[in-house]
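S.K.: Let me begin by handing over the structure; questions about it come next.
The values are calculated or read from the model by the stated rules, or taken from the named source; none is laboratory data. All values reported here derive from a predicted model rather than from experimental measurement. Cβ placement follows ideal geometry from the backbone for every residue including glycine, while neighbour counts extend to all protein chains displayed. Quick note on the areas: whole protein, heavy atoms, side chains included, nothing else; ligands and nucleic acids left out. Shrake-Rupley method; radii C 1.70, N 1.55, O 1.52, S 1.80 Å.
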Amino acid sequence: MIIQIKNLRGEQTSLEIDPQIKVIEVKRLIQTGQGHPIESQKLLYKGKILEDEKPLTDFQITENAILVLMVSNKKPQERPQPESVPQVPQRQEQAQYQVNEAEVSRLMEMGYSQQEVVAALRAAHNNSELAIEYLVSSAIPITNEQGDELEVDEEDLEEAGGEVTSSTFDFLLQSPEFQRIREVILQNPEELNVFLQQLEATNPELLALINSNMDEFIRILGGRRQPRGTIQIQLSPEEQNDVRELIQLGFSQEDVIQVYLSCDKNKEVAASLLFENFQQNPQGFQ
Amino acid sequence: MQSAVPRNFRLLDELEKGEHGLGDPNVSYGLDRGDDITLSSWTGMIIGPPGGVHENRMYQVRFHCGPNYPQEAPQVQFITKINMSSVNPHNGIVDPSNFRILGNWTSQYTMETILVELRKDMNSGANKRLAQPNEGETY
């Protein structure tokens, strides 16, 4: 006799069997034909589960009957670990921004809602002092779960208006985190590369934005220290020494740097130019 | 038996459909006892929908089709224990006032409709995460 085995996707296969055999024999045939282990199979016919040890005749299974086969692929003890090793670093990074619950309840005791506290802690990257500052000043930077800046509201923009402005990077200038990064970079310009590399991993969109507006980004980096349009020039310790010597000859720092740079950092030429063209500072050595 | 939809014609139709598994492959149904000439007592089986607590479980359901079926809805009762908003937790009976298909029954519906709808309801927001009795326990 031929019976049909239909799986849950509606696909049918035919099996030729002896009507007298037990259900378990049918499952064995299915295991051979389709590879599903016997233990994972359940067979249904007319609303009933077919028990392994009963013969098919007990269920009035006849020629061309359609048995529904359900295969349970989820054996709890055999389930693979949901996350594999390569994802571990990423998880650690995220864990870093998971807020500490004890800290949350401590800050909530100060009278803030859980939502505010969590937002503040995230924005402060779990620095509770900073989070308190955000809460007290009720200026919590809006962040996503990783603590990346998302957007700022207009009031904050106006506050910052007197300092550095940049249409493209307004949102960065609002970020206390960015201000800190900027301080670091200003002190040690090599940090900029480190920062950009980190950005590649954590916020590629921002990196792309920076790359396409590099000039503006450099400007806001130097921003608060320098008026618009100035260029920042780095001097080696020897060059700084030269500049200092020239200033000691009685010229203003501004003049000295200007001349020194214009004659290609040649101390002698700069000195003679200065003597020829610039007034020595009447107050003398400074 | 009313002329609108003769009960036995209709039930024999459903019987044939159930035997040949023509409908939704996730539900199965048939007469409880093959020799029941009144076509009253039926058994259905629902394969738990994936993505929730019912995944890989099977639920047996009993239907009782009264003399006015399909003008009147059958009585539906879970045999396998289940924790679900529309099911009485003490006896497994599906409460028509909590289950749209039974509450607003029309003669177009079949037992398969009921099984399919019960299966959908298992994965509804209200039921998807409910803690369930041990697998295979019965009322």
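S.K.: Conditions first: (1) within 24 Å of the chain's Cα centre (by Cα); (2) modelled with pLDDT of 80 or more; (3) open to solvent by less than 40 Å² (accessible area, probe 1.4 Å). A:L209 passes all but one, so which condition is the exception?
M.R.: Result: A:L209 passes all but (3).
S.K.: Open to solvent by 70 Å² or more (accessible area, probe 1.4 Å) and either assigned to a strand (DSSP E or B) or modelled with pLDDT under 95 (or both): does that describe B:G136?
M.R.: No, not satisfied.
S.K.: Looking only at segment B:6-63, which residues are among the basic types (K, R) and touching a residue at least 24 places away in the same chain (Cβ under 8 Å)?
M.R.: If the condition is that a residue be among the basic types (K, R) and touching a residue at least 24 places away in the same chain (Cβ under 8 Å), then B:R7, B:R10, B:K17, B:R57, B:R62 are the ones that fit.
S.K.: So which residues in segment A:223-247 are modelled with pLDDT under 75 and within 30 Å of A:L273 (Cα to Cα), if there are any at all?
M.R.: Correct list: A:R225, A:Q226, A:P227, A:R228, A:G229, A:T230, A:I231, A:Q232, A:I233, A:Q234.
S.K.: Right, something else. Out of segment B:106-131, which residues are open to solvent by 40 Å² or more (accessible area, probe 1.4 Å) and more than 22 Å from B:P25 (Cβ to Cβ)?
M.R.: The answer is B:T106, B:G125, B:A126, B:R129, B:L130, B:A131.
S.K.: Turning to a different aspect of this structure: Checking B:T43 against (1) open to solvent by 50 Å² or more (accessible area, probe 1.4 Å); (2) closer than 26 Å to A:L69 by Cα, which test does it fail?
M.R.: Unmet for B:T43, out of (1) open to solvent by 50 Å² or more (accessible area, probe 1.4 Å); (2) closer than 26 Å to A:L69 by Cα: (1).
S.K.: Taking segment B:31-48 as the search range and keeping residues that are within 17 Å of A:K42 (Cα to Cα) and within 12 Å of the chain's Cα centre (by Cα), which one is farthest from the other protein chains (Cβ to nearest Cβ)?
M.R.: My answer is B:I46.
S.K.: Given the conditions (1) under 22 Å from B:M122 (Cβ atoms); (2) open to solvent by 60 Å² or more (accessible area, probe 1.4 Å), report the number of the one that B:H20 does not fulfil.
M.R.: Here B:H20 meets the rest and fails (1).
S.K.: Within segment B:49-65, can one find any residue that is open to solvent by 10 Å² or more (accessible area, probe 1.4 Å), more than 13 Å from chain A (Cβ to nearest Cβ) and in contact with a strand residue (DSSP E or B) (Cβ under 9 Å, 6 or more places away or on another chain)?
M.R.: Yes, segment B:49-65 contains at least one residue that is open to solvent by 10 Å² or more (accessible area, probe 1.4 Å), more than 13 Å from chain A (Cβ to nearest Cβ) and in contact with a strand residue (DSSP E or B) (Cβ under 9 Å, 6 or more places away or on another chain).
S.K.: Under the condition of being surrounded by fewer than 19 Cβ atoms within 10 Å (Cβ to Cβ) and in contact with a Phe, Trp or Tyr (Cβ under 8 Å, 6 or more places away or on another chain), which residue from segment B:66-79 is nearest to the other protein chains (Cβ to nearest Cβ)?
M.R.: Here the residue is B:I79.
S.K.: Considering only residues of segment A:102-126 that are in contact with a helix residue (DSSP H, G or I) (Cβ under 8 Å, 6 or more places away or on another chain) and open to solvent by 50 Å² or more (accessible area, probe 1.4 Å), which is nearest to A:R180 (Cα to Cα)?
M.R.: For segment A:102-126, the residue satisfying everything is A:H125.
S.K.: Among the residues of segment A:230-246, which ones are closer than 24 Å to A:L186 by Cα and in a helix (DSSP H, G or I)?
M.R.: The answer is A:P237, A:E238, A:E239, A:Q240, A:N241, A:D242, A:V243, A:R244.
For every residue, the table says whether it meets (1) away from every other protein chain (no Cβ under 14 Å); (2) in a helix (DSSP H, G or I); (3) modelled with pLDDT of 85 or more.
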{"position": "A:N73", "(1), (2), (3)": "no, no, no"}
{"position": "A:P80", "(1), (2), (3)": "yes, no, no"}
{"position": "A:E93", "(1), (2), (3)": "yes, yes, no"}
{"position": "A:V104", "(1), (2), (3)": "yes, yes, no"}
{"position": "A:A119", "(1), (2), (3)": "yes, yes, no"}
{"position": "A:L135", "(1), (2), (3)": "yes, yes, no"}
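S.K.: Restricting attention to segment A:36-71, which residues are on the phi > 0 side of the Ramachandran plot and more than 9 Å from chain B (Cβ to nearest Cβ)?
M.R.: Of everything in segment A:36-71, nothing turns out to be on the phi > 0 side of the Ramachandran plot and more than 9 Å from chain B (Cβ to nearest Cβ).
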